[in-house]
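The values are calculated or read from the model by the stated rules, or taken from the named source; none is laboratory data. Quick caveat, the model's predicted, so the values are computed rather than measured. Because the Cβ atoms are built from the backbone with ideal geometry, glycine has one as well, and the counts that use them run over all protein chains shown. For the accessible areas, the whole protein counts, side chains as well, though only heavy atoms, and no ligand, DNA or RNA atoms are used. Shrake-Rupley method; radii C 1.70, N 1.55, O 1.52, S 1.80 Å.
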Amino acid sequence: MADLEPTSPLQRGKWGHVMPYLFLLPAAIIIVTFRLLPILSALAVSFFDASFGKIRGFVGLDQYAKLFADPEFWNSAVNTVWFVVGAVPLSVATSLFFALLLRKGIRGLGLYRTIYFLPVVTSFVAVSMVWKLIFHVRFGLANALIEKMGGNPLEWLEEPTGIFELMLRPLGWDLPTWAEGPSLALICVVIVSVWRGIGYNVVIFLAGLQNIPEHYYEAARIDGAGRAGMFRHVTWPLLTPTTFYVVVMTTILSFQVFAPIYLMTGPPVGGPLGTTNVIVYYLFEKGFDAGGNMGYASAVALVLFAVILVLTLFQRKVVEKRVHYA
Amino acid sequence: MRFTAGRFRRLLITGTMLGVLGCAGGDGERDPGSSADPIKFWHAMGGPLGRSLDGLVDEFNAAGHDLESVSMGKYQALSQKVMAAVAAGGPPDLAQCYEAWTANLIENQSLVPFGRFLEGASPVRDMDDFYEIYLRGAEQGGEIWSFPFNKSVRCLYYNKDMFREAGIDPAHGPRTWEEYRDYARRLTVDTDGDGKADRFGLASQITASMFENLLVQNGGTLLNEDESAVSFDSPEGVEALEFMADLLVRDGSALISQGFEYQNEFLAGKVAMIEGSSVSLAFIEGKYGFELGIAPLPMGKIDAQLVAGTDVVLFATTPEREATAWEFVKWFTETEQTARWSAETGYLPVRKSAMEDPVMVAKLERYPGLREAYAQLERAVPQPQAKGWFAGRNVLEREAIEPVLRGRMEPAEALHAAARKANAELLAP
């Protein structure tokens, strides 16, 4: 509102001070009805023994106690963390890389930008189906390429073994189960999610790159900086607000991954051997699938909410200190 | 602050969930709708099954009724929608329903028992004509709460050409477990001589269905007598899972596929045998270029089968609507209609007399193994009725069958661990 002139027609007359709130009202109603109230009722329901359509009795923190005692919950939590740890750096690095390439005035720039953005606007169902075929053990493109190059075909989405184990086994190492790392199946899902999200992050990075004034580069060039030096001392620091935003957004979205898991893994979904069961799928299964246990599912939702909230606050308080706002 | 909006995005899940829960506070009051509204029948019949059902519904309506057939997608979606609709106080008039879903609906007092109509002014003709097994599955606490609608049995589909090639008599499928393994091994061929099998004797997805049938064939049961605990981890169960692991994994004569791909492998002539529902026939009809054989499942220690498929339940509304809904159920299960439904879809007829109906006779002549496959019904046992069963079955599939078939666990330890966890699901309120 700061840039509104004091003499703006909106601020004159006896309605002047009410007017801005009226403009905010429609969006506020929608956000309160479909976001805030559901969060609060989820919080309330998580203290009850509730199934589809029925609330039986107050159980206090029992749902949470049950949750933290369930190995399946911890398994899905660990898988989710692996997913985030895999997807966020990979997504940020690849999108920054492509954004830097696309910034230069190359021929057919518009076409490339469109191509990179295409996966974003493509239905996740279609994307998942196509990638599932690519990863098909016997007819997939991925294994066909590997065999062309003389390698041993992989099991991809069917492979429950951890990737560290897969990488070190040829060297004769045998890792303990806890050190095996995320399954190859989960990594496949990470790859597809990153691939689909690149275009969106590229567009944001491109906008960020455009905000860096040309004269910084000129000055750097005069000082004798090479390409690496310019990236290190001009582009990277001045791009940090954008990078920060991309990291925060990608982290939040990665914690909520559901569609590619639901569409690409199993049956049973979350397989092989539960190695792709992530927290939102766990929630869905408890709340909507065979169980119909709404109280429990709400507790899972609240725990996830708390984790994302704390992590985002941490990023705002700690990581943002390293962001240069020009 | 742009990303604060994004922070809320994850809550969409919660939001959606509570959109349903928001309606949960109601006290079950419902607006039954005026009697002019069509009678709503919610089902999960898609593809050829949906087309056949809609054809029959049209015919029913041609006699002056107004019944609307609504496909809800998969069974899982149907279950969710029925539960949500019941919670919101606006259930359909009729819905397909598994035995294990019924208990919840009875508890909610959402259903009308069928006894009221069977002994009412418009009873069915000759109740003894119905296969007795169906009514056993439909009865809970002395009342018939659901009515047999689309029931099926698992059977074996095989490629007669490949049988001949391997020197096996194509007149019938494997008849015992031993023959099953033997056939699978003999039908596995390395066609290009690279030391790896290119054609397999058998293909399957990782599913509890195959184990369930092996278990009952081995004299075991899924649940104990009063359905208060699982019993699939009995010595019979361990033996059945050992056999399944031999057949599908250790012998190297089977292909384990994702989802329904095993059906495509079979249709493409890359696999000699698959197990499938009798309904699978509707989906594979006309899509293969070999001589198709259909047979009952190979027999274990005893000749037994688990009935699959759903019943239909009737929701409490107004007497007029309930009566019309009942008229549809009654009409649909009459000999002529159940025979047509069976011939068009591969679901089993619900009446014995339907087996002699001309439509049915023609179908049985076209697929000679079918009569024998359908006869499995005479020796079948019903699905569990415990409402926690599907949650328990998920545990069985994920924590026993999958780890064993992927070579991560031994059948005995896997079944015992899964049983402990499934019992907790079974007893959940």
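What percentage of the solvent-accessible surface of segment A:76-322, computed with a 1.4 Å probe over protein heavy atoms, is contributed by carbon and sulfur atoms?
Its accessible area is 68 percent carbon and sulfur atoms.
Find how many whole Å separate the alpha carbon centroid of segment A:122-154 from the alpha carbon centroid of segment A:238-274.
Here the answer is 20 Å between Cα centres.
What is the ratio of the Cα radius of gyration of segment A:17-63 to 2.2 N^0.38 Å, with N the residue count, to two decimals?
The reported ratio for this selection is 1.70.
With the contact rule set at Cα under 8 Å and sequence spacing of 6 or more, what percent relative contact order holds for chain A?
Once divided by the residue count of chain A, the mean separation gives 26 percent.
If the cut-off is a Cα-Cα distance under 19 Å, which aspartates and glutamates reach B:K40, setting aside same-chain residues fewer than 8 apart in sequence?
B:E29, B:D31, B:D54, B:D58, B:E59, B:D66, B:E68, B:D93, B:D311, B:E320, B:E322, B:E327
Where a ≥ b ≥ c are the square roots of the eigenvalues of the C-alpha gyration tensor, would you call chain A rounded, which needs a/c under 1.5, or, failing that, prolate if a/b is larger than b/c, or oblate?
Taking the square roots of the gyration eigenvalues as a ≥ b ≥ c, chain A is oblate.
Using a probe radius of 1.4 Å on heavy atoms only, what accessible surface per residue do you get for the protein assembly as shown? Whole Å² is fine.
45
Rounded, prolate or oblate, given the Cα gyration tensor of the protein assembly as shown, with a/c below 1.5 counting as rounded?
Because a/c hits 1.5 or more and a/b fails to exceed b/c, the protein assembly as shown counts as oblate.
Across segment B:96-108, in residue order, what do the Karplus-derived ³J(HN,Hα) couplings come to in whole Hz, using 6.51 cos²θ - 1.76 cosθ + 1.60 with θ = phi - 60° and x for Gly and Pro?
5, 7, 6, 3, 6, 8, 4, 3, 4, 6, 5, 4, 6
With both bridge residues required to lie in the protein assembly as shown, what share of the DSSP beta bridges run antiparallel, to the nearest 5%?
Looking only at bridges with both residues in the protein assembly as shown, the antiparallel portion is about 65 percent.
Suppose we keep just the DSSP beta bridges with both residues in chain B; what percent of those would be antiparallel, to 5?
Given both bridge residues lie in chain B, the antiparallel proportion sits at roughly 60 percent.
Counting other Cβ atoms within 10 Å of each Cβ, which chymotrypsin sites (Phe, Trp or Tyr not before Pro) in segment B:32-126 have at most 14 and sit in a DSSP loop?
Here no loop site has a sparse enough neighbourhood.
So who's got an amide H within less than 5 Å of the one on B:I144, skipping anything under 5 residues away but keeping other chains? H placed 1.01 Å off N, in plane.
Amide H neighbours of B:I144, under 5 Å, 5+ apart: B:F114, B:G115.
In terms of modelled amide H atoms, which long-range or inter-chain residues lie less than 5 Å from the amide H of B:C155?
B:G276, B:S277, B:S278
Considering only DSSP beta bridges where both residues belong to segment B:200-340, give the percentage that are antiparallel (nearest 5).
Here the share of antiparallel DSSP bridges comes out near 10 percent.
Any idea what the dipole of segment A:76-322 comes to, in debye rounded to 20, about its Cα centre with Lys/Arg Cβ at +1 and Asp/Glu Cβ at -1?
The dipole of segment A:76-322 has a size of about 860 debye.
List the aspartates and glutamates whose Cα lies under 18 Å from the Cα of A:K66, skipping any in the same chain that are fewer than 8 positions away.
Qualifying aspartates and glutamates at Cα under 18 Å: A:D49, A:E285, B:E425.
Starting at the first residue of segment B:209-222, write each ³J(HN,Hα) from the Karplus equation 6.51 cos²θ - 1.76 cosθ + 1.60 with θ = phi - 60°, in whole Hz, x for Gly and Pro.
4, 5, 4, 3, 6, 4, 4, 5, 5, 8, x, x, 9, 6
Give the residue list of trypsin sites (Lys or Arg not before Pro) in segment A:119-186 that are DSSP loop and have at most 14 other beta-carbon atoms within 10 angstrom.
Answer by residue number: A:R138.
Can you find, among A:V18, B:L49, B:A323, the residue sitting farthest towards the positive end of the charge dipole of the protein assembly as shown, where Lys and Arg contribute +1 and Asp and Glu -1 at Cβ?
A:V18
Student exercise: in segment B:267-396, how many lysine pairs 8 or more apart or on different chains have Cα atoms under 25 Å apart?
Number of lysine pairs found: 5.
Loop-only check: which GluC sites (Glu not before Pro) in segment B:49-154 are DSSP coil with at most 13 other Cβ within 10 angstrom?
Passing sites in segment B:49-154 are B:E119.
Round to a whole angstrom and tell me the spacing of the C-alpha centers of segment A:279-318 and segment B:48-100.
For segment A:279-318 versus segment B:48-100, the Cα centre distance is 33 Å.
Quick one: buried accessible area between B and A, total over both chains, 1.4 angstrom probe, nearest 100 Å²?
In total, chains B and A hide about 4700 Å² from solvent.
If a/c stays under 1.5 just call it rounded; otherwise compare a/b with b/c (prolate if a/b is bigger, oblate if not). Do that for segment A:56-201, with a ≥ b ≥ c from the square roots of the Cα gyration tensor eigenvalues.
Oblate, since a/c reaches 1.5 and b/c is not below a/b.
Which one of A:Y200, A:P272, A:A219 has its Cα pushed farthest toward the positive end of the charge dipole of segment A:175-322, where Lys and Arg give +1 and Asp and Glu give -1 at the Cβ?
Comparing the listed Cα positions along the dipole, A:A219 ranks first.
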